[in-house]
There are 2 protein chains.
Amino acid sequence: MPRIDGQRVVSDLKRLADFGRYKTGVHRPTYSPVDVESRHWLAEKLGEAGLDPVVDGIGNVIGRNPSARRRLLVGSHSETQPYGGWLDGSLGVIYGLELARAFAADSSCAGLGIDVAAWADEEGHYQSFLGSHSFTGMLPEEQIDKVRGRDDGTPLREALQRAGLAGRPRDQVDPGNYVGYLEAHIEQGPRMEAGGNRIAVVTGLVGIKRFRVVSHGSANHGGTTPMAMRKDAGAALIALAAGFAEDMRRLAGHDTVWNIGNMTFRPGVANIVPGEGEMLLEFRDIDAAVMDRAAERFRERVAQAGRGSVRIEVEEIADLAPTSLAPHLGAAIAQAAAARGETPVSLASGAGHDAMIAARYMPAAMMFIPSIGGVSHDITENTSDDDIVFGCEVLADAVSRLWAEV
Amino acid sequence: MPRIDGQRVVSDLKRLADFGRYKTGVHRPTYSPVDVESRHWLAEKLGEAGLDPVVDGIGNVIGRNPSARRRLLVGSHSETQPYGGWLDGSLGVIYGLELARAFAADSSCAGLGIDVAAWADEEGHYQSFLGSHSFTGMLPEEQIDKVRGRDDGTPLREALQRAGLAGRPRDQVDPGNYVGYLEAHIEQGPRMEAGGNRIAVVTGLVGIKRFRVVSHGSANHGGTTPMAMRKDAGAALIALAAGFAEDMRRLAGHDTVWNIGNMTFRPGVANIVPGEGEMLLEFRDIDAAVMDRAAERFRERVAQAGRGSVRIEVEEIADLAPTSLAPHLGAAIAQAAAARGETPVSLASGAGHDAMIAARYMPAAMMFIPSIGGVSHDITENTSDDDIVFGCEVLADAVSRLWAEV
């Protein structure tokens with residue numbers, strides 16, 4: 001059975017974190033100079049592992065086994081959040097690299113290939129899941145013409161040009177080549193730590209519905225305008241938000257989450273009735289029926305809020321259906337963990353991952369290892385070296401089991 | 001009986017609006033060059049009316065009758081809100097000027113004096129009611145050292161220097177000189193227009209309690225953090241705001257008003273649980289008992305909101321007690337209106353006015369004329385010329401009645 005070199009896994013992760021290191025974390029936005037450097041470094045490492053590496057026209061780093069007939073694709077994304085952590089994304093990429101090395105070094109695994117992917121821009125500095133969308137044929141050229149940087153508005157074409165990627169072909173998947181896709185990731189939440197779990201098998205990725213709610217009333221003197229004559233755009237949003245939270249508490253399943261991430265009033269001073277308001281709201285669940293019920297109730301609340309003197313506009317800014325992952329791949333991970341004395345927990349992923357995109361084209365699975373304090377998207381994001389190494393060993397064992405089956 | 005020259009009233013108001021004219025409104029912040037110019041113009045007009053005029057060390061323009069034994073003080077403030085209206089404040093000042101002229105021209109009124117005041121900075125570009133506070137001895141020199149401009153942080157001392165006012169003495173009231181203080185103003189609300197009233201006698205000025213509520217939670221991933229483990233600073237404010245609005249609907253009197261003028265969450269994005277929140281909230285009523293009940297209920301709501309995982313801080317940023325105005329002065333206004341065939345309405349003022357300050361030192365009264373559409377603090381603020389002239393006539397008649405009584 002292929003053997004993982006735990007020290008090598010940790011030291012490669014640390015080396016990758018040098019690209020854009022910021023205090024205890026990493027600042028490596030997609031197509032920034034350090035991001036481009038790190039992708040070329042990854043390609044070099046994939047080459048050393050015996051794969052044919054390419055940095056393609058969208059920045060995806062793909063390492064292909066030059067000879068294997070049956071192949072698994074293993075990876076994640078390699079850019080980070082702004083001033084983010086060193087493991088989000090990078091962990092799954094370095095696990096892929098280590099698995100490729102370990103399987104290549106084991107002669108009993110000849111003909112079994114690990115291809116490795118480091119996707120570009122899962123984090124959406126330009127567009128969320130840009131690289132995996134490109135790889136799966138979901139990113140037309142016209143879309144590339146349109147997209148601009150989230151922070152500074154740089155056209156994506158210009159960023160690709162500066163990154164030296166313009167004109168390169170974009171790699172695309174041939175699903176027939178792959179037995180499946182595996183992505184390991186830190187949990188980014190507190191449940192594994194709270195439960196004392198070292199391995200989680202991800203059953204699926206939650207669906208997300210996200211709305212921008214804008215209210216139009218009339219700004220008026222907060223002292224001299226009688227309550228009955230106000231068109232209070234702020235009060236309308238507060239009532240809508242409170243009512244929605246009440247609804248969600250009632251119809252939520254065990255793992256349903258919802259968030260009112262922003263609320264702003266204009267002009268926003270103490271003694272003026274708000275004339276305009278805006279609110280960002282989302283909810284997530286693995287169960288499409290719960291998502292539908294929540295969406296229906298939300299629409300009813302909006303209709304109710306819009307019957308008064310304030311006009312309410314709603315824009316649906318995200319609508320992702322829940323994604324189920326392949327049970328047979330998950331079972332291999334669970335069995336591998338159990339064989340090493342660890343009882344794995346089953347979790348739905350509350351965050352989106354490239355596995356969501358890959359799952360549309362091939363069987364896909366995800367494995368989580370714990371996040372210390374549940375923290376991610378922050379420079380304090382961390383996981384113990386022991387848990388990092390253990391996760392890689394379990395993933396390698398799981399792949400061995402899969403090869404034995406197929 | 002003294003005769004008002006309606007055309008002169010309107011043309012003086014229009015001339016005053018030339019200082020800082022902005023589209024259909026006026027931009028004349030306290031101590032701006034146009035504000036200083038307008039104060040010297042007012043002093044000149046007061047001199048022409050036979051008064052001894054002064055622009056004092058805080059910018060108050062005071063015109064004193066040089067000989068009268070018994071005197072009334074009539075006025076308002078003369079700066080405007082940023083890009084505000086032409087009547088807010090200015091109306092009461094020009095009414096004072098016209099009354100001084102009319103009474104001086106009527107030989108039957110010899111010995112009855114109208115003193116006129118144009119207060120500085122009621123609008124609070126530096127500090128609300130600055131001029132009337134100074135006049136009533138409530139503005140110590142140390143406070144002048146401390147205050148800075150609301151918008152650009154200019155020290156008040158520097159602003160006074162640039163306005164050419166530094167070193168001038170500050171005029172102070174000798175309450176014994178005055179029979180009372182009269183301030184006319186536009187309503188700044190929609191009630192008179194809705195009721196078809198041309199004259200309102202102001203019974204008092206509402207009390208104001210204003211709070212800044214800050215919530216401290218913990219910013220976390222909005223998808224991966226289970227609901228039970230969140231410290232949601234935004235949700236805590238939404239619940240507090242909705243609960244407070246519910247309380248107020250129950251315990252409000254007929255004229256109680258409340259406003260949640262601002263709400264902000266940080267970091268303020270859709271998929272992150274808000275870690276910090278801030279809310280501005282106020283309520284107003286003429287009845288001190290209602291104010292006390294509302295404040296008590298608000299404190300209970302805050303205590304309740306602070307019992308969860310989110311810490312709540314409350315800062316009381318304004319606490320003004322309700323002000324009663326002098327009934328005998330109000331009665332004179334009501335009788336004067338009735339004698340001209342107009343049934344006056346009684347209103348509490350939902351906004352603050354310099355009369356609130358003056359009322360601590362002498363009998364004070366206020367009279368409102370209608371605001372078209374209830375609009376103020378905006379360049380579209382307006383009142384018909386007919387209503388402007390009629391208001392001045394009623395005020396002059398009321399003063400005649402008062403002189404007859406005292």
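The values are calculated or read from the model by the stated rules, or taken from the named source; none is laboratory data. Computed from a prediction, not measured in an experiment: that's the story for all the values here. All Cβ positions, even for glycine, are placed from backbone atoms using ideal geometry, and neighbour counts span all protein chains on display.
Return yes or no: is A:Phe265 surrounded by 22 or more Cβ atoms within 10 Å (Cβ to Cβ), more than 8 Å from chain B (Cβ to nearest Cβ) and touching a helix residue (DSSP H, G or I) at 6+ places or on another chain (Cβ under 8 Å)?
When the stated conditions are applied, A:Phe265 does not pass them.
Name the one entry in B:Ala337, B:Ala305, B:Ala332 that is crowded, with 20+ Cβ neighbours inside 10 Å and either within 15 Å of B:Glu183 (Cα to Cα) or not hydrophobic (A, V, I, L, M, F, W, C) (or both).
That would be B:Ala332, the only listed residue that is crowded, with 20+ Cβ neighbours inside 10 Å and either within 15 Å of B:Glu183 (Cα to Cα) or not hydrophobic (A, V, I, L, M, F, W, C) (or both).
Taking the residues in segment B:212-237 that are under 31 Å from the mean Cα position of the chain (by Cα) and either in the same structural domain as B:Arg340 (by TED's automatic domain parsing) or surrounded by fewer than 23 Cβ atoms within 10 Å (Cβ to Cβ) (or both) as candidates, determine which candidate is farthest from B:Asp255 (Cα to Cα).
B:Val214
Inside segment B:303-327, can you point out the residues that are modelled with pLDDT under 95 and in contact with a Phe, Trp or Tyr (Cβ under 9 Å, 6 or more places away or on another chain)?
Once the filter is applied, which keeps residues that are modelled with pLDDT under 95 and in contact with a Phe, Trp or Tyr (Cβ under 9 Å, 6 or more places away or on another chain), segment B:303-327 yields B:Ile317, B:Ala318.
Name, by its number, the condition in (1) within 14 Å of chain B (Cβ to nearest Cβ); (2) touching a Lys or Arg at 6+ places or on another chain (Cβ under 6 Å); (3) farther than 20 Å from A:Arg212 by Cβ that does not hold for A:Ala332.
Looking at each condition in turn, A:Ala332 falls short on (1).
Which ones in segment B:182-197 are surrounded by fewer than 24 Cβ atoms within 10 Å (Cβ to Cβ) and closer than 21 Å to B:Gly92 by Cα?
B:Pro190, B:Arg191, B:Met192, B:Glu193, B:Asn197
Evaluate the following for B:Ala321: is it without any contact (Cβ under 8 Å) to a residue 12 or more places away in the chain and away from chain A (no Cβ under 13 Å)?
Spelling it out, it is not the case that B:Ala321 is without any contact (Cβ under 8 Å) to a residue 12 or more places away in the chain and away from chain A (no Cβ under 13 Å).
Anything in segment A:180-219 that is free of Cβ contacts under 8 Å to residues at least 60 places away in the same chain and away from chain B (no Cβ under 12 Å)? List them, or say none.
Of everything in segment A:180-219, just one residue is free of Cβ contacts under 8 Å to residues at least 60 places away in the same chain and away from chain B (no Cβ under 12 Å), namely A:Gly196.
Could you look through segment A:269-295, keep only residues that are within 10 Å of chain B (Cβ to nearest Cβ) and within 22 Å of the chain's Cα centre (by Cα), and pick out the one that is farthest from A:Val257 (Cα to Cα)?
Across segment A:269-295, the extreme among qualifying residues is A:Leu280.
Among the residues of segment B:121-174, what is the count of those that are among the small types (Gly, Ala, Ser), farther than 21 Å from B:Met362 by Cα and touching a residue at least 12 places away in the same chain (Cβ under 8 Å)?
7
Select from segment B:1-31 the residues that are more than 22 Å from B:Leu73 (Cβ to Cβ) and part of a helix (DSSP H, G or I) and list them in ascending order.
Matches in segment B:1-31: B:Gly6, B:Gln7, B:Val10, B:Ser11, B:Lys14, B:Arg15, B:Ala17, B:Asp18.
For segment B:65-79, indicate whether the set of residues that are crowded, with 21+ Cβ neighbours inside 10 Å and free of Cβ contacts under 8 Å to residues at least 24 places away in the same chain is non-empty.
No: segment B:65-79 contains no residue that is crowded, with 21+ Cβ neighbours inside 10 Å and free of Cβ contacts under 8 Å to residues at least 24 places away in the same chain.
Consider B:Asp151 against the criteria (1) of a type outside the set (Ser, Thr, Tyr); (2) part of a loop (DSSP other than H, G, I, E, B); (3) under 22 Å from B:Arg64 (Cβ atoms): it satisfies all of them except one. Which criterion is unmet?
That leaves (3) as the condition not met.
Considering only residues of segment B:50-64 that are in contact (Cβ under 8 Å) with a residue 60 or more places away in the chain and under 20 Å from B:Gly180 (Cα atoms), which is nearest to the chain's Cα centre (by Cα)?
Within segment B:50-64, the match that is nearest to the chain's Cα centre (by Cα) is B:Asn60.
Being touching a strand residue (DSSP E or B) at 6+ places or on another chain (Cβ under 8 Å) and of a type outside the set (Phe, Trp, Tyr): is that true of B:Ser107 here?
no
Tell me, please, whether a residue that is over 20 Å from A:Ala355 (Cα atoms), surrounded by fewer than 18 Cβ atoms within 10 Å (Cβ to Cβ), in the same structural domain as A:Tyr22 (by TED's automatic domain parsing) and at pLDDT below 95 can be found in segment A:124-142.
Within segment A:124-142, not a single residue is over 20 Å from A:Ala355 (Cα atoms), surrounded by fewer than 18 Cβ atoms within 10 Å (Cβ to Cβ), in the same structural domain as A:Tyr22 (by TED's automatic domain parsing) and at pLDDT below 95.
Go through segment A:221-237 and count every residue that is of a type in the set (A, V, I, L, M) and facing another protein chain (nearest Cβ under 7 Å).
Count: 3.
Cβ-Cβ below 6 Å, separation at least six or inter-chain, first residue in segment B:244-265 and in the same structural domain as B:Ser215 (by TED's automatic domain parsing) and in contact (Cβ under 8 Å) with a residue 40 or more places away in the chain, second of a type in the set (Lys, Arg) and not in a strand (DSSP E or B): which pairs?
From segment B:244-265, the pairs are B:Phe244/B:Arg301; B:Asp247/B:Arg297; B:Leu251/B:Arg293.
Looking only at residues in segment A:238-247 that are more than 9 Å from every other protein chain (Cβ to nearest Cβ) and surrounded by 21 or more Cβ atoms within 10 Å (Cβ to Cβ), which one is farthest from A:Ile272 (Cα to Cα)?
That would be A:Phe244.
Go through the residues of segment B:32-49 one by one and say whether even a single one is over 21 Å from B:Val399 (Cβ atoms), assigned to a loop (DSSP other than H, G, I, E, B) and touching a residue at least 60 places away in the same chain (Cβ under 8 Å).
So far as segment B:32-49 goes, no, none of its residues is over 21 Å from B:Val399 (Cβ atoms), assigned to a loop (DSSP other than H, G, I, E, B) and touching a residue at least 60 places away in the same chain (Cβ under 8 Å).
On the basis of being surrounded by fewer than 23 Cβ atoms within 10 Å (Cβ to Cβ), among the small types (Gly, Ala, Ser) and away from chain B (no Cβ under 14 Å), does A:Ala358 make the cut?
No: the conditions fail for A:Ala358.
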